[in-house]
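Here the structure is laid out as structure tokens; the discussion comes afterwards.
The values are calculated or read from the model by the stated rules, or taken from the named source; none is laboratory data. Nothing here was measured: the structure is a model prediction, and the numbers come from that model. Here the Cβ positions follow ideal geometry from the backbone for every residue, glycine too, while neighbour counts run over all protein chains shown. Areas reflect the complete protein model, heavy atoms only, side chains present, ligands, DNA and RNA absent. Shrake-Rupley method; radii C 1.70, N 1.55, O 1.52, S 1.80 Å.
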Amino acid sequence: MFSAPTDLKHNRGLIADPASYAKEAGAASWLFLCGDEFASMEGGMSYSDVQSAVPDSENLIADPPRPFDMDVARRGVEALDRLPRPTLVTCRTGPRSSALIYLYAGLRSGASVSEVLEQAEADHAPFVQVEPLKDWIAQGLNELSASYPGNEPIR
């Protein structure tokens, strides 16, 4: 049975204090999905804030107006394979970061689209309210599963 990963955490809204957020999560690493323009927005933060908060991080810029496509999916899965756990995955408010975590977990466990979406609904994952992100998960599981056939993460 598919379950959400416990060593990956997505945000559910803006992050007021990146250092405190990372400390409370006990994070060893952070995958940040936002570009520089997010830092200039009210409630925003920068990749340098992330780098100051954790020992290991990566920046995969995938916030609007950039496409959230299969290239992002592949690069996100590869980054999550590299980063030590526990790992924070954040976007501006949570939908894209939660979608990436559920896609990753589904690929790594060999779960079906319906299993992943059912668990995400039960967990109230932020992406379940955004139909294009549910479609992105389905596309990712269908297209990328041959490359990630339920293997354990590479570390």
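A few points about this structure:
- Close amide H contacts of His10 (hydrogens built in the peptide plane, cut-off under 5 Å, sequence separation of 5 or more or a different chain): Val89.
- When Rg/Rh (Cα atoms, Kirkwood Rh) is calculated for this entry, the matching label among [x] 1.10; [y] 1.17; [z] 0.94 is [z].
- DSSP-loop GluC sites (Glu not before Pro) across the stretch 1-106, with at most 11 other Cβ within 10 angstrom: Glu42
- Using alpha-carbon coordinates, inclination of helix 95-109 to the longest axis of the chain, degrees: 40
- Solvent exposure, largest accessible area first (probe 1.4 Å, DNA, RNA and ligands not counted), of Glu131, Glu118: Glu118, Glu131
- Computed with a 1.4 Å probe on the full set of protein chains, the accessible area for Ile101 sits at about 0 Å².
- Comparing mean-square fluctuations of Arg85, Arg12, Arg66 from a GNM of the chain with C-alpha springs under 10 Å, the top value falls on Arg66.
- For the stretch 1-49, a/c is not less than 1.5, where a ≥ b ≥ c are the root eigenvalues of the C-alpha gyration tensor, and a/b tops b/c. That puts it in the prolate class.
- Whole-percent carbon and sulfur share, accessible surface of the chain, 1.4 Å: 50
- Under a 5 Å amide H cut-off, with hydrogens placed 1.01 Å from N, Trp30 pairs with Asp56, Ser57, Glu58, Leu88 among residues at least 5 apart or on other chains.
- In this structure the chain gives 47 Å² per residue of accessible area when probed at 1.4 Å with all protein chains present.
- Helix 113-123 vs. the chain, principal-axis angle (Cα, 0 to 90°, nearest 10): 40
- Rounded tilt (10° steps) of 131-144 against the dominant C-alpha axis of the chain: 60
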